[in-house]
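Inspection log for the structure reproduced underneath, given as structure tokens.
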Amino acid sequence: TGGIGATLKISSNDDAGIILEADKNNSGEDDNTYVHFIQDGGLAFASIGHIGNNGKDPLNKDYTGTLANGFLVGTYDDGVDGELHFGTKSAVRMTIRGDSGNTVVGSTTSQACGIFEIVSTTQGFLPPRMTTAQRDAIANPVAGLMAYNTTTNKLNFYNGSAWEQVTSST
């Protein structure tokens, strides 16, 4: 511990941990490079990242909000759902809930009724785009599979026995 430029801490009474930390006093910079895994003395926690003062961490947690100048792959067991977070530059970009496996892109919270959710107010969902021939070449499609058909310019779905197109009454 201490020194200039790097800190290495190894301690064990039973379990063991290694912390690599840069910019220890956080002076003049808004970033910290780190790898840490924690179990005892708090909630289960494991992360690898580079997060600035705004998004907090190393060990000051709170990275589920915004990340400044950072990237993050980590878990934080808050006693509720044990989420796995993936973050870049300004925010957590994807979260997988540990209790249900629900995955949300664009937020840190997901709706319980959906296994996969995309949150945005400025972008839409873009399904795979392909010709009719490419769609028909999909091996063993399952019911509910969707694709945008560029030959017909229609959204198609597989009903379990045939491809149908989503149409409007107008």
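The values are calculated or read from the model by the stated rules, or taken from the named source; none is laboratory data. Since we're looking at a predicted model, the values are computed, not measured. For neighbour counting, all protein chains shown are included, and Cβ atoms are generated from backbone atoms with ideal geometry for every residue, glycine included. Accessible surface is based on the protein model in full, side chains and every heavy atom, while ligands, DNA and RNA are left aside. Shrake-Rupley method; radii C 1.70, N 1.55, O 1.52, S 1.80 Å.
Of note:
- Förster radius 25 Å - calculated FRET efficiency between residue 86 and residue 157 (Cβ-Cβ, nearest 0.05): 0.30
- Rounded to the nearest 0.05, the FRET efficiency derived from the C-beta distance between residue 148 and residue 100 at R0 = 30 Å is 0.55.
- Heavy atoms of the protein chains alone define the surface here; on that basis segment 97-170 has 70 Å² accessible area per residue at 1.4 Å probe size.
- Net charge over other residues, Cβ less than 12 angstrom from the Cβ of residue 106 (K, R count +1; D, E count -1): 0
- A Förster radius of 45 Å, combined with the Cβ-Cβ distance separating residue 132 from residue 15, puts the computed FRET efficiency at roughly 0.20.
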